[in-house]
Amino acid sequence: MSSNKDLKIWIDGELVPKAEAKVSVYDHGLLYGDGVFEGIRLYNGKIFQPDAHMKRLYDSAKAIRLTIPITPDQLIAAINQTAKANSFTDCYVRAIVTRGPGYLGLNPNKCPKPVVIVITDLIELYPRETYEKGMAIITATVIRTHPNALSPRIKSLNYLNNILAKIEATDAGVNEALMLNGEGNVAECTADNIFIIQDGRVLTPTTSDGILEGITRAVIIELCAKLQIPCIEKTIQRHDLYIADECFLTGTGAEVVPVTKIDGRSIGNGTPGPITRRLSEAFHKFARGG
Ligand code: PMP
């Protein structure tokens, strides 16, 4: 889903109509996927978890030795300005920082000026009924980026292996794919973190299993503590998924999505479970305040 509005996009300090929002074909974001980004939500006119998103973006940039030319406060102001210009109080926000225009070689030192972009729009990642009935996923053959190649903690513009996994999902007639890590343990899905529930305990892979440290994931871990539901970050094997009582995914766009089938096997009784429902409700209340 995308809004029909004549959207304004923020590029390097200017709001321009969507049709005129363009970057150079020499931008290394395009040529090499050299850059970082954030997916953020605006709920009731307020940026959700702004500090966590800014920290992850600036840490990702630091890790790839990219200096973002504006401060986190300036970027927050740009997001608010863009949402306001498009009359959004509830929307998805994409903040992107590319290495900027350079030459046709790899060397980022030849890209003098990073480009900062803010897009606000509507997004619907999964059909409505998915949230009621649950979703089927498959395990992809493509693994999550090995941390020794590029840390999955960096939210970079390189999503090609996730995209190949997503194609495996759509080929199999499902919306999302689980990616394992180099050791064969569970990492995360192509654009969401994964949680399972076993014997009343909520389990999710650890950072060292090679995942993006999702902002929604962190909120769910906090909500578990508040609701006194035991939540443990630990290495999970595919076997654990198959014998889990419940499973759900988390992400900024997706929020909390119940998973009821993995690789053709029903999870629990094949319907969204009680702990998933409780956490999903708690998340909605926390994010939307209702
Ligand atoms: N993993 C990956 C690979 C992602 O791209 C995302 C973001 N869509 C997530 C997990 C979820 O992170 P967040 O909750 O911060 O959106």
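The values are calculated or read from the model by the stated rules, or taken from the named source; none is laboratory data. Being a predicted model, the structure only gives us computed values, none of them experimental. Quick reminder, even Gly has a Cβ in these numbers, built from the backbone with ideal geometry, and neighbours come from all protein chains shown. The area values use the complete protein model at the heavy-atom level, side chains included, leaving out ligands, DNA and RNA. Shrake-Rupley method; radii C 1.70, N 1.55, O 1.52, S 1.80 Å.
Assorted remarks:
- Among 257, 36, 25: highest mean-square fluctuation, GNM of the chain, C-alpha pairs under 10 Å: 25
- Ratio Rg/Rh, restricted to the range 96-150 and using Cα atoms, in which Rh is the Kirkwood radius: 1.18
- The chain: most fluctuating residue of 105, 33, 268 per GNM, C-alpha cutoff 10 Å: 105
- Peptides 182-193, 199-210 ranked from most to least packed give 182-193, 199-210, packing being the mean of other C-beta atoms within 10 angstrom over each peptide's residues.
- For the pair the range 144-186 and the range 11-25, the centres of their Cα atoms are 30 angstrom apart.
- Amide hydrogen neighbours beyond the local backbone of residue 189, cut-off 5 Å, H modeled: 179, 194
- Rounded to the nearest 10 degrees, the inclination of helix 72-85 to the longest alpha-carbon principal axis of the chain is 90 degrees.
- Within the accessible area of the chain (1.4 Å probe), percent carbon and sulfur: 53 percent
- Taking 23, 142, 259 as the candidate residues, the one with maximal mean-square fluctuation in a Gaussian network model of the chain, Cα springs under 10 Å, is 23.
- Restraint check, 8/55; 62/110; 46/285, Cα-Cα greater than 21 Å: 8/55
- Binning the C-alpha pair distances of the range 57-153 at 10 Å intervals from 0 yields a P(r) profile of 12, 27, 32, 24, 5, 0 %, listed from the shortest bin outward.
- The range 223-290 - Kirkwood radius from inverse mean 1/r over Cα pairs (Å): 13.0 Å
- Directionally averaged projected area (the range 1-136, Cα convex hull): 9.7 nm².
- Alpha-carbon radius of gyration plus Dmax, which is the widest Cα pair, for the chain in Å: 19.2, 56
- Estimated purely from DSSP H runs of n ≥ 4, each contributing -39500 (n - 2.57), the mean residue ellipticity at 222 nm for the chain is -8500 deg cm²/dmol once divided by its residues.
- Per residue accessible area in Å² of the chain, where ligands, DNA and RNA are left out and the probe is 1.4 Å: 47 Å²
- Descending semi-axes in Å of the range 24-103, equivalent ellipsoid built from Cα gyration tensor: 24, 14, 10
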